[in-house]
């Protein structure tokens, strides 16, 4: 499949999963089968995929806990002003299912596609060029921060400055401050190098890839699964 077809299939699936009303377990069962099929044919590492999803879900889970405490529905448990109701459990389960299925789909897309190809696909799909440039710059800046942090950590370990917890906290506190300065300076050097090579803030005309038969079949199957999942609760 070409990259544009992959992105379209992934985004259509994620939008369908997110827009499904709470409590529609049959619909998410259908979407779950579709996501499982995509993972199997993608041949990604299950360990790498789930490790990514677990790390990302740890941040999302903090927000999801707020959906558990709702006044509607029958009270299951209460302690002071806090109470858990049947509606809260249903909403929490629904939002959690949406988040897990969406993360699985998007991580599968990222693991099977080069990041530069994704940006080209966004441009080919008429996404605003400025937004794509911002995302590409963020990706490169994160890479700069990661490299600088790795260098500083290696230097601290070589000087035996990570031997105990107190020393680690002191080193990490200093590293965070200097990391911003060093990454900013490194970012300026990279930006100046980009300008010297003719960078003008936007990408050139995106290359439009022709849709092959297998791309069209994949889009049709995706739309069919989405349609089936949406009509099942009517």
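The values are calculated or read from the model by the stated rules, or taken from the named source; none is laboratory data. Because the structure is a prediction, the values reported are computed rather than measured. Every residue, glycine as well, gets a Cβ built from its backbone with ideal geometry; the counts of neighbours run over all protein chains shown.
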Test result for residue 86, under 21 Å from residue 26 (Cα atoms) and assigned by TED's automatic domain parsing to the domain that holds residue 11: yes
Candidate set from the stretch 11-25 (those that are touching a helix residue (DSSP H, G or I) at 6+ places or on another chain (Cβ under 6 Å) and not in a helix (DSSP H, G or I)); member that is surrounded by the most Cβ atoms within 10 Å (Cβ to Cβ): 20
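Rundown of residues vs (1) in contact with a helix residue (DSSP H, G or I) (Cβ under 8 Å, 6 or more places away or on another chain); (2) assigned to a helix (DSSP H, G or I); (3) buried (at least 17 other Cβ atoms within 10 Å of the Cβ); (4) outside the structural domain of residue 220 (by TED's automatic domain parsing), yes/no style:
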| residue | (1), (2), (3), (4) |
| --- | --- |
| 9 | yes, yes, yes, no |
| 27 | yes, yes, yes, no |
| 31 | yes, yes, yes, no |
| 38 | yes, yes, yes, no |
| 52 | yes, yes, yes, no |
| 55 | no, yes, no, no |
| 59 | no, yes, no, no |
| 90 | no, yes, yes, no |
| 93 | no, yes, yes, no |
Where residue 127 falls short, out of the listed (1) touching a residue at least 12 places away in the same chain (Cβ under 8 Å); (2) surrounded by 15 or more Cβ atoms within 10 Å (Cβ to Cβ): (1)
The lone exception for residue 69 - which of (1) in a helix (DSSP H, G or I); (2) without any contact (Cβ under 8 Å) to a residue 40 or more places away in the chain it fails: (1)
Close pairs from the stretch 84-109: first farther than 15 Å from residue 66 by Cβ, partner modelled with pLDDT under 85, Cβ under 6 Å, at least 6 apart: 86/73; 86/74; 103/56
Residue 189, sole failed condition from (1) farther than 23 Å from residue 131 by Cα; (2) at pLDDT 75 or above: (1)
Options 145, 110, 115; residue that is within 24 Å of residue 56 (Cα to Cα) and not assigned by TED's automatic domain parsing to the domain that holds residue 8: 145
